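First up is the structure itself, then whatever we jot down about it.
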Amino acid sequence: MRRFVLAGVFIELALLIIGITWVHPVFGSNETAGATSASQDYRVFGKGSGNVVNVNLEPTETEQEIAQGVMYHVWTFNGTSPGPVIRVHLGDTIHFTLTNKSTIGMQHSIDFHAADTPWDKNYQPVNPGETKTFDWVAHFPGVFMYHCGVPPVLQHISNGMYGAIIVEPHQKLAPAREYVLVASEFYPGKQPINGVFEGDFNKMLAAEPKYVVFNGKADQYKDNPLVAKPGELIRLWVVDAGPTFTTAFHVIGAMFDHVYPDGNPTNVLNGVQTYSVPPGGGAMFELTIEEAGLYPFVTHAFAYTGLGSVGLLKVDPNAPAAPASYPMMADPFSAGVTAAGGGGGTPASPSASPTGASPSPSASPTGGGAACKPSGTELHVTASNLLFDTNCLAAPAGQPFTIVFENKDGGIPHNVSIYTDSSVSTPLFKGKLITGPDTVTYKVPALDAGTYYFQCDVHPATMNGTFVVA
Ligand SMILES: [Cu+2]
């Protein structure tokens, strides 16, 4: 069995972090014993080998550097975008558990492209704090996407909820230097909020990404090239997570000996220059490079190459030896480069979760500035793309007032609540949650003069500001 990336202690660590347990390892799996499945060369049928692999994914939102110096509020599986690389064998039963650890009150779900299982039963939204478990059998070998399928799927995928799963075929693959590359797009809004960008749904709809990346960060393999030795077999597992663009995968200065659409060894193309991996698709690329040097890998759709989807493959006789094996689950950032974060991306810390951070109002008590003064008893605030359109609201002291709140985020609940301060221990007014698109007019009783704090109680880390009563 081929394993991915790291060795020793780091593998243990990765397994712990990623939360996946390899239950019955299948070494050299030609499965017959106890199997109820029939098999054709391109697939198996039925119940498979009976080997069970526990896979646990935990949707959660956090922050991640998606380009040099650009922090983004990613929605993830297990705290990174892409989520962990999952690696199983043809015929395995995947005992899958999703535990929704959303920090912003968001439903999430799973969709495994490698599985045959009913959408209406197993791919449905899971509420925050709830768990969903089901089993499926890996009937097809190859490399596949998994993703969140909660509407709008465009938004959940754009914000980072995807990963790759490799299903190894019965016939052992030739030993190779392997890397996993998950291509995707990011659509940050114009301005960061407290230094962090949110996804812009309108840009997602318009297919106008700011970044097109491999493994969650623009240009990361320019700084930290993938390495190989001259003459060595290189195997690249490429998944295009989209949400919208095709990856026209090409290595400058080299040809692919073989491309296997969807990674199925029975789908063989020979002598390929560029092969398009569609959004939601995958492919296994094999090549051998004889001469030492730098060989950039790109999407050959050049309007997008410059947005971050170019990396270097460095062929060097002094490259460290390829790993003898690859772990069944791995940190997608390292992509097989070296142990411990050689890929340059730092897996985002789950502790950066919005509810864990103490919300610091973006405007200090005086930060509202001259523009933030009361002007009448009808206040207006709009929520869009998980942001308010202002970070300061003001009302006159000693008289009741109204807040006209418009929530433009379809399917997403928001509210406006006012507290004495950002510890949110003392509410002055709690607005009813409304799910967008919707508008509500809150009637707020008179408040004494002071400088207070407002937030959306569902998204406090990014939707907050100063509330001035004067
Ligand atoms: Cu989701």
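The values are calculated or read from the model by the stated rules, or taken from the named source; none is laboratory data. If you're wondering where the values come from, they're calculated on a predicted model, not measured in any experiment. Here the Cβ positions follow ideal geometry from the backbone for every residue, glycine too, while neighbour counts run over all protein chains shown.
Numbers below:
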read-out	value
Residue, surrounded by the most Cβ atoms within 10 Å (Cβ to Cβ), within segment 164-197, restricted to residues that are touching a Ser or Thr at 6+ places or on another chain (Cβ under 6 Å) and at negative phi	187
Qualifying helices (runs of 4 or more DSSP H) (wholly inside segment 104-212; at least 1 residues being within 16 Å of the ligand (Cβ to nearest atom), under 27 Å from residue 390 (Cα atoms) and in the same structural domain as residue 84 (by TED's automatic domain parsing))	153-158, 201-206
Qualifying residue in segment 145-160 (condition: over 20 Å from residue 280 (Cβ atoms) and either among the aliphatic types (A, V, I, L, M) or modelled with pLDDT of 95 or more (or both))	no
Qualifying position, being touching a Cys at 6+ places or on another chain (Cβ under 8 Å) and modelled with pLDDT under 95, among 431, 411, 465, 398	465
Flag for residue 183 being in contact with a His (Cβ under 7 Å, 6 or more places away or on another chain) and within 30 Å of residue 119 (Cα to Cα)	no
Top-ranked residue in segment 91-103 [being part of a strand (DSSP E or B) and within 14 Å of the ligand (Cβ to nearest atom); ranked as surrounded by the fewest Cβ atoms within 10 Å (Cβ to Cβ)]	99
Unique residue being within 25 Å of residue 282 (Cα to Cα), modelled with pLDDT under 95, over 24 Å from the mean Cα position of the chain (by Cα) and crowded, with 22+ Cβ neighbours inside 10 Å when the list is 39, 49, 29	49
Wholly within segment 248-290, strands (runs of 3 or more DSSP E) carrying at least 3 residues that are touching a residue at least 24 places away in the same chain (Cβ under 8 Å)	256-261, 274-277, 281-288
Of all residues making up segment 294-323, the number that are over 26 Å from the mean Cα position of the chain (by Cα) and within 21 Å of residue 212 (Cα to Cα)	1
Residue match in segment 431-439 (condition: part of a loop (DSSP other than H, G, I, E, B), within 27 Å of residue 196 (Cβ to Cβ), over 28 Å from the mean Cα position of the chain (by Cα) and of a type outside the set (Asp, Glu))	yes
Output for segment 70-84, where each listed residue is of a type in the set (Val, Ile, Thr) and away from the ligand (no atom under 13 Å from the Cβ)	70, 80
Checking residue 75 against (1) in contact (Cβ under 8 Å) with a residue 60 or more places away in the chain; (2) under 30 Å from residue 173 (Cα atoms); (3) not in a loop (DSSP other than H, G, I, E, B), the condition it does not meet	(2)
Options 322, 241; residue that is surrounded by 18 or more Cβ atoms within 10 Å (Cβ to Cβ) and touching a helix residue (DSSP H, G or I) at 6+ places or on another chain (Cβ under 8 Å)	241
Residue 65 more than 14 Å from the ligand (Cβ to nearest atom) and acidic (Asp, Glu)	yes
Hits in segment 205-243 - residues which are of a type in the set (Phe, Trp, Tyr) and under 14 Å from residue 298 (Cβ atoms)	214, 221
